[in-house]
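A quick write-up on the structure given underneath.
What follows draws every value from the coordinates through simple rules; no lab data is involved. What you are looking at is a predicted structure, and each value in this text was computed from that prediction instead of being measured. A quick note on method: Cβ atoms are made from the backbone with ideal geometry, for glycine too, and the neighbour counts reach across all protein chains shown.
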Amino acid sequence: MVKLGVNIDHVATVRQARMTNEPDPIWAAALAELGGADGITVHLREDRRHILDRDLHLLAKTVAVDLNLEMAVHPEIVEIACQVQPAQVTLVPEKREEVTTEGGLDVLGNRQAVENAVGELKEKGIFVALFLDPVREQIDLAKELGVDGIELHTGKYALTEGKAQEVHRQALVQSGNHIHELEMRLHAGHGLTYRNIGPIASLPHLFELNIGHSIVSRALFVGLKEAVAEMKRKIVQTTR
Ligand code: PXP
């Protein structure tokens with residue numbers, strides 16, 4: 001069964017809009033777990049625009065399922081990750097001016113920095129994944145650097161429709177097969193919604209999906225536990 005990691009960053013976004021103490025992402029993690037989340041995902045950004053250090057430390061103590069920390073290849077954040085030791089880290093590119101993570105990590109262009117971060121994190125026993133576009137050379141280099149898993153960026157699939165969308169899905173299928181052949185774990189995420197999840201949940205060899213914005217948006221109207229349960233049902237329906 002494909003696992004669902006629920007990204008709760010945007011619960012913290014609402015809190016930070018007022019720089020107050022509610023809504024608390026710690027509550028969100030508990031409700032997501034009650035709804036059937038297999039993992040909780042948070043992105044500790046350099047600018048701390050949503051998730052704060054306090055959140056990460058508390059989540060590490062309270063989350064019962066796997067905690068997945070999305071983070072940039074940045075020495076300060078690598079040090080925090082090594083201290084907190086979440087079950088999993090997903091290395092992502094990060095730009096201060098972006099609204100959300102825009103593309104996959106460029107491992108080819110940042111080989112040394114990625115290699116150092118992967119080494120330090122793996123030394124602590126953390127499962128390390130890279131967030132990549134479906135590009136063969138990037139995937140091959142990730143394998144060379146000892147990475148455990150690849151989260152394929154589904155943003156282009158999510159932003160298109162019809163034939164164009166199918167072209168992007170085929171690229172994900174091919175890269176997914178390649179990742180599987182290289183014996184790395186296949187994850188996918190970004191821009192996935194209740195409407196477009198089906199063809200991605202059924203990708204061959206898929207182990208884990210990470211979904212945030214769409215679930216937190218629906219939670220405003222139906223509650224987080226129900227929003228997570230609904231997404232789980234969609235995933236189960238397409239993978240049965
Ligand atoms: N996976 C990664 C690596 C991400 O950076 C994000 C966004 O934080 C997500 C998944 C979730 O994307 P969305 O919020 O669009 O579901």
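Apply the Karplus parameterisation 6.51 cos²θ - 1.76 cosθ + 1.60, with θ equal to phi minus 60°, to every residue of region 186-191 and state each ³J(HN,Hα) to the nearest whole Hz, in sequence, with x for glycine and proline.
9, 10, 8, x, 3, x
Can you tell me which of 204-213, 185-194, 5-14 comes out highest on packing, and rank the rest after it, using the mean Cβ neighbours within 10 Å? If you can, show how the numbers build up before the last one.
On the way: 204-213: 20.1, 185-194: 21.6, 5-14: 23.5.
The packing order, highest mean first, is 5-14, 185-194, 204-213.
Take every Cα pair under 8 Å in the chain that's 6+ residues apart, average their separations, divide by the length, and report that relative contact order as a whole percent. Each step should come with its number before you reach the end.
Numbers: 453 pairs, mean separation 49.8, N = 240.
Averaging sequence separation for qualifying contacts and normalising by length gives 21 percent for the chain.
In percent, what relative contact order does region 1-60 have, based on Cα pairs under 8 Å that are 6 or more apart in sequence? Write down the numbers at each step before the final one.
Working: 72 pairs, mean separation 24.4, N = 60.
This gives 41 percent for region 1-60.
In Å and from the alpha-carbon atoms only, list the Rg and Dmax of region 113-159.
Taking only Cα atoms of region 113-159, I get Rg and Dmax of 11.7, 37 Å.
Among Lys3/Lys61; Lys61/Lys156; Lys3/Lys156; Lys143/Lys232; Lys156/Lys232, which pairs are too far apart, with a Cα-Cα distance over 25 Å?
On the way: Lys3/Lys61 21 Å; Lys61/Lys156 35 Å; Lys3/Lys156 22 Å; Lys143/Lys232 30 Å; Lys156/Lys232 23 Å.
With Cα atoms farther than 25 Å apart: Lys61/Lys156; Lys143/Lys232.
For His50, enumerate residues with amide H under 5 Å from its amide H, sequence gap 5+ or separate chain, H modeled in the peptide plane.
Result for His50 returns Arg45.
Report the gain in length on full extension from Lys95 to Glu161: 0.36 nm times residue separation, minus Cα-Cα distance, nm rounded to one decimal.
Details: separation 66, 0.36 × 66 = 23.76 nm, distance 2.71 nm.
So the chain would gain 21.0 nm between Lys95 and Glu161.
Output the antiparallel fraction of DSSP beta bridges having both residues in region 67-149, as a percent to the nearest 5. Don't skip to the answer; put the middle values down first.
Working: 0 of 9 bridges.
Percentage antiparallel, nearest 5: 0.
What translational diffusion coefficient, to the nearest whole µm²/s, does region 1-67 have by Stokes-Einstein, given a Kirkwood radius computed over alpha-carbon pairs, a temperature of 37 °C and 0.692 mPa s viscosity?
275
Could you give the radius of gyration (one decimal) and Dmax (whole number) of the Cα atoms in the chain, in Å?
Gyration radius and largest Cα-Cα distance of the chain: 16.7, 47 Å.
Would you grab the residues whose amide H sits under 5 Å from the one on Tyr194? Only those 5+ places off in sequence or on another chain, please, with H modelled 1.01 Å from N.
Distant-sequence amide H within range of Tyr194: zero hits.
Could you list the GluC sites (Glu not before Pro) in region 96-176 that lie in coil according to DSSP, counting only those with at most 14 other Cβ atoms within 10 Å of their Cβ? Intermediate results must be reported in sequence, preceding the final value.
Details: sites: Glu97, Glu98, Glu102, Glu115, Glu120, Glu123, Glu137, Glu144, Glu151, Glu161, Glu166; in loops: Glu97, Glu98, Glu102, Glu161.
When the GluC sites (Glu not before Pro) of region 96-176 are filtered for loop state and at most 14 Cβ neighbours within 10 Å, Glu97, Glu98, Glu102, Glu161 remain.
Report the Rg/Rh value for region 93-175, based on alpha-carbon coordinates and the Kirkwood definition of Rh. Intermediate values should be presented prior to the final figure.
Values: Rg = 14.0 Å, Rh = 13.8 Å.
Over the Cα atoms of region 93-175, Rg/Rh equals 1.01.
Quick one: what does P(r) look like for region 50-119 with 10 Å bins over all Cα pairs, in whole %?
18, 50, 30, 3
Using a cut-off of 12 Å between beta-carbons, work out the net charge of the residues near His178 (Lys and Arg +1, Asp and Glu -1, His178 not included). Kindly include the intermediate steps, with their values, before the conclusion.
Numbers: positive: Arg136, Lys143; negative: Glu137, Asp140, Glu181, Glu183.
That works out to -2.
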